[in-house]
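The values are calculated or read from the model by the stated rules, or taken from the named source; none is laboratory data. Being a predicted model, the structure only gives us computed values, none of them experimental. Note that we place each Cβ from the backbone using ideal geometry, even for glycine, and neighbour counts take in every protein chain shown.
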Amino acid sequence: MIRHRPLGSGHPYAHDTEQRSPVQPVAGESLRLGVRTSAEVTAVDLECQIDDGPVTTVALAPVTRSSRGQSTDGGHLASAQARQARQAGGWQTEITAPAAGSTLRYRFVGHTAGEDQRTRHYTCRVATWRDTAGDVLDLAGAAVGSLPGTQVLDDGERVHQVRFALPLAPGEHVTGFGERYDALDHRGASLDSVVFEQYKSQGAHRRTYLPMPFAHVVGGAGWGFHVQTSRRVWFDIGEASPDRLTITAEVDAPSRTTPLLGVATYAGEPAAVLDAFLTEVGRPTELPDWVFRLWASGNEWNTQAEVERQLALHREHRIPVGNVVIEAWSDEQTFTAFRDAEYEVHEDGRPMRLVDFTFPADGAWPDPKGMVDSLHAQDVRVHLWQIPLIKMRPHPVGQAKADARAAIEADVLVQEEAPDGTLRPYRNRGWWFPLGLMPDLTDERAADWWTAKRRYLVEEVGIDGFKTDGGEHAWGSDLVYLDGRRGDEGNNTFATGYAAAYGRLLESCGKAPVTFSRAGFTGSQAHGAFWAGDENSTWEAFRWSMLAGLSAAACGIVYWGWDIAGFSGPIPEPELYVRAMAASVFVPIMQYHSEFNHHRTPSVDRTPWNIAERTGDSRVISEVRALVELRERLVPYLAASARQTVATSRPLMRPLYFDHPGDRNVWEHPVQWLLGDDLLVAPVLEPGARTWPVYLPEGAWVDVWSGQAHDGAATVDADVTRRDRVPVFVREAAWEGIDEVFSAPAAERPV
């Protein structure tokens, strides 16, 4: 076997051994070409031809094979003798791309002890960067003037990228770009906009589930911009040249096409910039007040008995809970049937109704509707986990097999284009649920086909919302959506369509469109709530998550939260857990969650009683109880503030530069925010702190815990001796009326 995939798997941050890299050759620059082979291939040659010139042969060298961002040793025999026969090897070579406009034709020959193996011939045109007139950009708005120096990457037939620069003045800060974990101000850095599942350490990698090619420029006259594309965009934010923000965007158009790319610019302070952006791309939808109550979940709450036990423990410990997310509820084949449910397969793939199921008394979920009814009676809403794939490994059987066949027949799947131009259903290239089929949830007909299978869960079982997880599975420019868009244009929009589809389902059943997503893109502002994705229980991840919430809010995401104190790895120490819980009182969505641990002991649940038991620190339970009760008292303020946010575009979790764009000091304290108009929050992000510096902008402020008044435009050292007290200050004019929220009931006041 010898295999070459010119476009690779589509992993945005890793190049596969068997691909062409870069996919679009640039004249005079290095071009890497490679293959993957089976063990009988002992050598590989590249045969290449430029236009009608002679064929040149180049030998490839063995390399460590990398595919989909994962490396496999395919050349070092000493460490892998036992695996060598069944393991594919990697081979690569580098050449210099020929002159612009030329056509490169190539194939590979694999040598074996028997007959040689050959790939088909592949062709590509070589491009170069050239200067172009300013009419390449459709530049809307008056925030910037003309943009000299615009360039296009042109192969003589098609343009593949556009590159231009926006001016940066001294003292300006650049922020936004969707949900970003590493910093609030990105000046001096580079990043891009592509939806990607970075499992943990997002801040270290500068990768995100929820990018947007939108940013604020704060500190001078005030302005912002939106690159109006769903294709990938790269931003050099003053890294190469301090006075320039260089933007490189993918396009795909015939040469000499104008305009190639729209760029909107908005003048004004951050609130005005965000309002103009949301007017263009879609405004948030107000969600019901109950979303502000505690969300509780654990991946090992995978039976009805365990869910009911955990909710009983909340009652026993007097910790109010408003929402429960049940992740491991389904058979994880259909994502529509409760595990252990018995039913007759619908061979035509039509939707099930509740009457179609029998729930064995000794099964995992003996009475789902009864469970949901009971939770509703306790004023708890119920949300079920979803994945937007038809699982195909192991080979599906029963209803999953019928659904896969029906999806193909109904033509509701994303396709992929083979090198010979034929189309076939896309098979998920990510490492999570590999080879799964993916419905095109950006298409309303296909989305309705998909969500119809979940309708009984809402209409009959009574489910209140869905955790719309895993919206990052669309990889590769060779994907083809039902409206004809290819992957380079459609992939970033999949997560937005995913949440929108489930929101329509809920609304059609008379429910609020409460989805809980981690992936998104421009336009996601209008679709439900979000959380910051997968993270370890560390102080560093705590800080990253707070930055993520602030940057998402700056781009119009209203309902945002994170897995309190992290969901993965060793459980958090009590100080981290309580500090994070205290901060979560003052973010829009307050929710804890824990990763699956194969039911090994000791438990890694992030419930307060498990943290207390595991660490021997019994104070955790009473501290969390007081914090959640404080949150309950804060719900009316949050709900009123959210309504104001939806109406005005002023973020609910608001970075300080929104209200104080000319104050340079706010950038020295990036992880602080205004919650609504009146509360200033400064989470404690380091262990062992006894005091914590808090910057108070201009105005008069009151410490909500002590009642002490402070003048603004100054930094104060807040007393954080109590780990369950996050520094919070209220505008003096709003103190009367909100003071009762922070007055603990007599039974909870310290003696």
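Every residue in segment 464-504 that is buried (at least 23 other Cβ atoms within 10 Å of the Cβ) and within 23 Å of Asp367 (Cβ to Cβ), please.
Gly465, Phe466, Lys467
I need a count of the residues in segment 140-163 that are modelled with pLDDT of 95 or more and either in a strand (DSSP E or B) or on the phi < 0 side of the Ramachandran plot (or both).
Matching residues across segment 140-163 total 12.
Taking Ala215, is it at pLDDT 95 or above, under 23 Å from Ala133 (Cα atoms), in a strand (DSSP E or B) and not assigned by TED's automatic domain parsing to the domain that holds Val23?
Criteria not met by Ala215.
Let me confirm something: among Val136, Val174, which residue is buried (at least 21 other Cβ atoms within 10 Å of the Cβ), hydrophobic (A, V, I, L, M, F, W, C), assigned by TED's automatic domain parsing to the domain that holds Arg256 and under 30 Å from Gly470 (Cα atoms)?
Answer to the selection: Val174.
Search segment 590-620 for residues being hydrophobic (A, V, I, L, M, F, W, C) and surrounded by 24 or more Cβ atoms within 10 Å (Cβ to Cβ), and hand back the single one that is farthest from Glu535 (Cα to Cα).
That would be Val620.
For Ser649, are the conditions met, namely being touching a residue at least 60 places away in the same chain (Cβ under 8 Å), in the same structural domain as Glu327 (by TED's automatic domain parsing) and in contact with a helix residue (DSSP H, G or I) (Cβ under 7 Å, 6 or more places away or on another chain)?
For Ser649, the condition - touching a residue at least 60 places away in the same chain (Cβ under 8 Å), in the same structural domain as Glu327 (by TED's automatic domain parsing) and in contact with a helix residue (DSSP H, G or I) (Cβ under 7 Å, 6 or more places away or on another chain) - is not met.
Check every one of the strands (runs of 3 or more DSSP E) wholly within segment 244-328 and list those with 3 or more residues that are surrounded by fewer than 19 Cβ atoms within 10 Å (Cβ to Cβ) and out of contact with any helix residue (DSSP H, G or I) (no Cβ under 7 Å at 6 or more places or on another chain).
Where strands (runs of 3 or more DSSP E) fall fully within segment 244-328 and carry at least 3 residues being surrounded by fewer than 19 Cβ atoms within 10 Å (Cβ to Cβ) and out of contact with any helix residue (DSSP H, G or I) (no Cβ under 7 Å at 6 or more places or on another chain), they are 244-254.
State all residues of segment 193-236 that are closer than 23 Å to Ala271 by Cβ and of a type in the set (Ser, Thr, Tyr); if no residue qualifies, say none.
Ser193 - this is the single residue of segment 193-236 that is closer than 23 Å to Ala271 by Cβ and of a type in the set (Ser, Thr, Tyr).
May I ask you to verify whether Met438 is surrounded by fewer than 21 Cβ atoms within 10 Å (Cβ to Cβ), within 30 Å of Ser66 (Cβ to Cβ), in contact (Cβ under 8 Å) with a residue 12 or more places away in the chain and of a type in the set (A, V, I, L, M)?
Against the criterion (surrounded by fewer than 21 Cβ atoms within 10 Å (Cβ to Cβ), within 30 Å of Ser66 (Cβ to Cβ), in contact (Cβ under 8 Å) with a residue 12 or more places away in the chain and of a type in the set (A, V, I, L, M)), Met438 does not qualify.
Scan segment 541-561 and report the pairs whose first residue is part of a helix (DSSP H, G or I) and hydrophobic (A, V, I, L, M, F, W, C) and whose second residue is at pLDDT below 95 and surrounded by fewer than 24 Cβ atoms within 10 Å (Cβ to Cβ), with Cβ atoms within less than 6 Å and a gap of 6+ or a chain change.
none
Residue pairs, Cβ under 7 Å, 6 or more apart or interchain, first in segment 252-263 and in the same structural domain as Leu147 (by TED's automatic domain parsing), second hydroxyl-bearing (Ser, Thr, Tyr). List them.
Close Cβ pairs (under 7 Å, with a partner that is hydroxyl-bearing (Ser, Thr, Tyr)) amount to Leu261/Thr229.
Mind checking whether some residue in segment 222-238 is over 21 Å from Leu153 (Cα atoms), surrounded by fewer than 17 Cβ atoms within 10 Å (Cβ to Cβ) and in contact (Cβ under 8 Å) with a residue 12 or more places away in the chain?
No, segment 222-238 has no match at all.
Give me the pairs: first residue in segment 495-512 and closer than 15 Å to Met438 by Cα, second residue in a helix (DSSP H, G or I) and charged (D, E, K, R), beta-carbon distance under 9 Å, and six or more apart or on different chains, which are they?
Listed by first residue and then by second, the contacts come to Gly497/Glu444; Ala501/Glu444; Ala501/Asp448.
Does any residue of segment 397-409 turn out to be farther than 26 Å from Phe596 by Cα, outside any helix (DSSP H, G or I) and among the hydrophobic types (A, V, I, L, M, F, W, C)?
No, because not a single residue in segment 397-409 is farther than 26 Å from Phe596 by Cα, outside any helix (DSSP H, G or I) and among the hydrophobic types (A, V, I, L, M, F, W, C).
Within segment 16-38, which residues are polar (S, T, N, Q) and either out of contact with any His (no Cβ under 8 Å at 6 or more places or on another chain) or surrounded by fewer than 24 Cβ atoms within 10 Å (Cβ to Cβ) (or both)?
Matches in segment 16-38: Thr17, Ser21, Gln24, Ser30, Thr37, Ser38.
Just to be sure before I move on: is Glu444 surrounded by fewer than 23 Cβ atoms within 10 Å (Cβ to Cβ) and out of contact with any Cys (no Cβ under 8 Å at 6 or more places or on another chain) in the structure I sent?
Yes.
Let me confirm something: among Gly398, Gly363, which residue is more than 31 Å from the chain's Cα centre (by Cα) and not assigned by TED's automatic domain parsing to the domain that holds Lys511?
Sole residue among the options that is more than 31 Å from the chain's Cα centre (by Cα) and not assigned by TED's automatic domain parsing to the domain that holds Lys511: Gly398.
Residues checked against (1) over 19 Å from Asp16 (Cα atoms); (2) in a loop (DSSP other than H, G, I, E, B); (3) modelled with pLDDT of 95 or more:
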position: Pro62; (1), (2), (3): no, no, yes
position: Ser66; (1), (2), (3): no, no, no
position: Gly75; (1), (2), (3): no, yes, no
position: Ala78; (1), (2), (3): yes, no, no
position: Ala82; (1), (2), (3): yes, yes, no
position: Glu94; (1), (2), (3): no, no, yes
position: Ala99; (1), (2), (3): yes, yes, yes
position: Gly114; (1), (2), (3): yes, yes, no
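Six or more apart or on different chains, Cβ under 6 Å: which pairs go from a residue in segment 389-406 that's on the phi > 0 side of the Ramachandran plot to one that's at pLDDT 95 or above? Could you list them?
Gly398/Val345
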